[in-house]
Amino acid sequence: MRENTQRIALTIVLIIGALVMFFPFLWTLTTSLSPGAGLDATPQLIPKNPSFSAYQTLFAELPFARIIANSLGLAVVTALLQIVTSALAAYAFSRLPFRGRGAVFALYLATMMIPIQVLIVPLFVQMRDLGLVDTYLGVLLPSVANAFGVFLLRQAMNAVPRELDEAATLDGAGHFRIFGTVVLPLVGPSIATLAVFAFMNSWNSFLWPLIILRSSELQTLPLALAGLQGQYTTQWDVMMAGSVVSILPMLAIYLFAQRFVIQGVASSGIK
């Protein structure tokens, strides 16, 4: 009886928490369907005269399809690059014994504590000297390596039995073959988790693209959404329509990959 009461109470708390978390998204969707809506009134969960005019205005006033393609391309390439570099580095830290491996790994993880704001100036100077200002390559290079990705995949690779490596070695396999045919297939959920995180971080990235990109045709979705907010007046219905459009790809990816994300986090030992 007591266990049932606790389970019911926990379920109620989780439902309330879910509703609280979902409310901002519902308000965003409702505002986008309410022509001329503002943020100075109590939100109505059901719009009186729903209309898609804000979405039509959004795609009419901005090259929004091109902007979405820019963000999508950068996010996909960023995720692929981080998977490759993180997997290779994680294999080295997990399987290749070398002097100072623990210290190098700890030093590498320490870079996660450095905020991006501290690195903005030296990164911009480097990109300027390389002639990569206002280019997609200038946006991509600082995000090629990811310390969290290395940590995530290293933890997953540490859980792979070493006996499999020894058996592959007896069959004549080298490190690259062991890496590609033995280790990688067994850490698939963690790779999927890293892909979701990398895609999400790139999709939502604002500060670095704001600094490195100058041309309007190269701007990403967060930059375009920020440009919708005027100095004196703002079309909140149009801005919320853009927010809804920006949420949909991430929502679809997470719903598709949530099972892999849960498996990846569980198998990597992250609490």
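Condition check for TYR136 on (1) open to solvent by 50 Å² or more (accessible area, probe 1.4 Å); (2) touching a Ser or Thr at 6+ places or on another chain (Cβ under 7 Å): one failure, at (2). The single condition among (1) in contact (Cβ under 8 Å) with a residue 40 or more places away in the chain; (2) in contact with a helix residue (DSSP H, G or I) (Cβ under 8 Å, 6 or more places away or on another chain) that THR111 does not meet is (1). Number of residues in the stretch 170-196 that are open to solvent by 60 Å² or more (accessible area, probe 1.4 Å) and in contact (Cβ under 8 Å) with a residue 24 or more places away in the chain: the value is 2. Within the stretch 215-248, can you find the residues that are part of a helix (DSSP H, G or I) and under 22 Å from VAL121 (Cβ atoms)? Answer for the stretch 215-248, where residues must be part of a helix (DSSP H, G or I) and under 22 Å from VAL121 (Cβ atoms): LEU218, PRO222, LEU223, ALA226.
Flag: ALA87 does not match the condition of being at pLDDT 90 or above, closer than 27 Å to ALA198 by Cα, open to solvent by 20 Å² or more (accessible area, probe 1.4 Å) and part of a helix (DSSP H, G or I). Would you check which residues across the stretch 198-214 are surrounded by fewer than 18 Cβ atoms within 10 Å (Cβ to Cβ) and in a helix (DSSP H, G or I) and list them? MET200, ASN201, ASN204, LEU207, LEU210, ILE211, listed by residue number.
The values are calculated or read from the model by the stated rules, or taken from the named source; none is laboratory data. All figures in this text were calculated on a predicted structure; none of them were measured in a lab. Cβ coordinates were reconstructed from backbone atoms using ideal geometry, including for glycine residues, and neighbour counts include every protein chain displayed. These accessible areas exclude ligands, DNA and RNA; they are computed on the full protein's heavy atoms, side chains included. Shrake-Rupley method; radii C 1.70, N 1.55, O 1.52, S 1.80 Å.
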